[in-house]
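Novice: Structure provided below as structure tokens; questions to follow.
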Amino acid sequence: MAVEGGKQADAARALADLTAKQFSASQQVIESQRASISVAFASVLNPVTFHDGGLSLAFSVTLKNNGRLPANKVKVRFKPYFSRWGKNIFSEPMERQRDYCSAPNITRDSRIALRGLTNEDAVTVLPGDTKAWDINLGMGPPTDSEIIEWPPAESRLPQTKRVFPIIVGCVDYQSGVMTNAHQTGFIFEIQRGDPRMPSFITFGEDVPRENVIVGQYFFGQGKSY
């Protein structure tokens, strides 16, 4: 009886392993067939300008559907902030992106989208196609703690007041006729100068459009699913 019991247990484990592999394979097939949005910087539309201490800028991104189904109810959300530039720069943007684009917000926005937003608010991106999306942002004046004294005091060079704007956001969408929500995160840094050696923006000093640098955050773009 003990031998037979062992054989049955082995058979049960083998069946469980097979079922798990079949489920994993099925999930991979489903994932490969659905819509999948990627985000990339496209172009700077307006210079960086300051008004009463607040910063304004506009740039565009491209949304590409790398999947095999249309991406429907596509909507972009974003939030800018001034980075304080310290050791938190290695983790804070990802944390802010996660908090802003958390699951509860996705669920709520997806329900709103499914009720029927206008084409200006939500669009469809067909498989293999790209859509341009403009990001127009305005920020209030930075707090004293958000102004960076640059270069550092230890350099003994003349210091100026700088700011380091970062934009965190996400693209919400649904795949084909499936109602479950998908999301692609993004994080962009705003700097000025030579793309090979960008520098912080001097507080209160406008930056011509050709000198504005919009780059993706080096350490990640946030969660995508």
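Novice: Output the residues belonging to the stretch 182-203 that are over 16 Å from Asn46 (Cα atoms) and surrounded by fewer than 20 Cβ atoms within 10 Å (Cβ to Cβ).
Specialist: Passing the criteria: Asp194, Pro195, Arg196, Met197, Pro198, Ser199, Thr202, Phe203.
Novice: Scan Val214, Val171 and give me the residue that is touching a His at 6+ places or on another chain (Cβ under 9 Å) and modelled with pLDDT of 95 or more.
Specialist: Values: Val214 fails: touching a His at 6+ places or on another chain (Cβ under 9 Å).
Among Val214, Val171, only Val171 is touching a His at 6+ places or on another chain (Cβ under 9 Å) and modelled with pLDDT of 95 or more.
Novice: Ok, one more. If you check Val123 against the conditions, is it surrounded by 20 or more Cβ atoms within 10 Å (Cβ to Cβ) and assigned by TED's automatic domain parsing to the domain that holds Ser91? Steps first, please.
Specialist: Working: surrounded by 20 or more Cβ atoms within 10 Å (Cβ to Cβ): no; assigned by TED's automatic domain parsing to the domain that holds Ser91: yes.
Judged against the criteria, Val123 is not a match.
Novice: Right, something else. Tell me which residues, restricted to the stretch 57-84, are part of a strand (DSSP E or B), among the hydroxyl-bearing types (Ser, Thr, Tyr) and over 24 Å from Ala122 (Cα atoms).
Specialist: Start the filter on the stretch 57-84 by keeping residues that are part of a strand (DSSP E or B), which leaves 57-65, 71-82.
Filter again for among the hydroxyl-bearing types (Ser, Thr, Tyr), leaving 60, 62, 81.
Within the stretch 57-84, Tyr81 is the sole residue that qualifies.
Novice: Let me ask something else about it. Which residue is farthest from the chain's Cα centre (by Cα), if the candidates are limited to the stretch 166-190 and must be hydroxyl-bearing (Ser, Thr, Tyr) and part of a strand (DSSP E or B)? Lay out the reasoning, then the answer.
Specialist: From the stretch 166-190, those hydroxyl-bearing (Ser, Thr, Tyr) are 173, 175, 179, 184; that's our starting set.
Pick out the ones that are also part of a strand (DSSP E or B) and you get 173, 175, 184.
Numbers: Tyr173: 13, Ser175: 18, Thr184: 6 Å.
Here the answer is Ser175.
Novice: Same structure again: Looking only at the stretch 131-155, which residues are surrounded by fewer than 16 Cβ atoms within 10 Å (Cβ to Cβ), among the β-branched types (Val, Ile, Thr) and under 23 Å from the mean Cα position of the chain (by Cα)?
Specialist: none
Novice: For the stretch 152-181, what are the residues that are over 18 Å from Asn65 (Cβ atoms) and among the hydrophobic types (A, V, I, L, M, F, W, C)?
Specialist: Ala153, Leu157, Val163, Phe164, Ile166, Ile167, Val168
The values are calculated or read from the model by the stated rules, or taken from the named source; none is laboratory data. What you see is a predicted model, and the numbers here were worked out from it, not measured in a lab. We place every Cβ from the backbone using ideal geometry, glycine too, and count neighbours over all the protein chains shown.
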